[in-house]
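First comes the structure, then the notes that go with it.
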Amino acid sequence: MRTWSPLVHAARLSGRRRLTAYARVDARLSGELLPLIPYAVDAERDLLGPRVACPVSHPLYGLDLGALCLRDERSGSSDRGGR
């Protein structure tokens, strides 16, 4: 994992010098680098049972519950209920 040297430097300090170093890091992050931080990253996971198939994910609303179907236990194929 890459580390950012100003953070490593600040972590090694103590007392007032440490607070000043972290204040500089904060000023740099909020002034220069903040616009590059990802916003609204989708970290959602859908856990489905072994019999559930046909998952469809919508980019805004997540899992489409109406699209789910059951897996046929005998053949392993999906039954979309006449769709």
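None of the figures in this text is laboratory data; all of them are computed from the coordinates on show. Keep in mind that this is a model prediction, so the values were computed, not measured. Positions of Cβ are generated from backbone atoms using ideal geometry, with glycine treated the same way; all protein chains shown enter the neighbour counts.
Close amide H pairs (under 5 Å, H built 1.01 Å from N) link Leu63 with His58, residues at least 5 positions away or on another chain. Here the calculated FRET efficiency for Val56 and Arg16, from their Cβ-Cβ distance with R0 = 41 Å, stands at 0.15, rounded to the nearest 0.05. Taking amide hydrogens as placed 1.01 Å from N in the peptide plane, the amide H of Ser78 sits under 5 Å from those of Asp72, each at least 5 positions away in sequence or on another chain. Relative to the current alpha-carbon distance between Leu7 and Ser30, full extension at 0.36 nm per residue lengthens the span by 6.8 nm.
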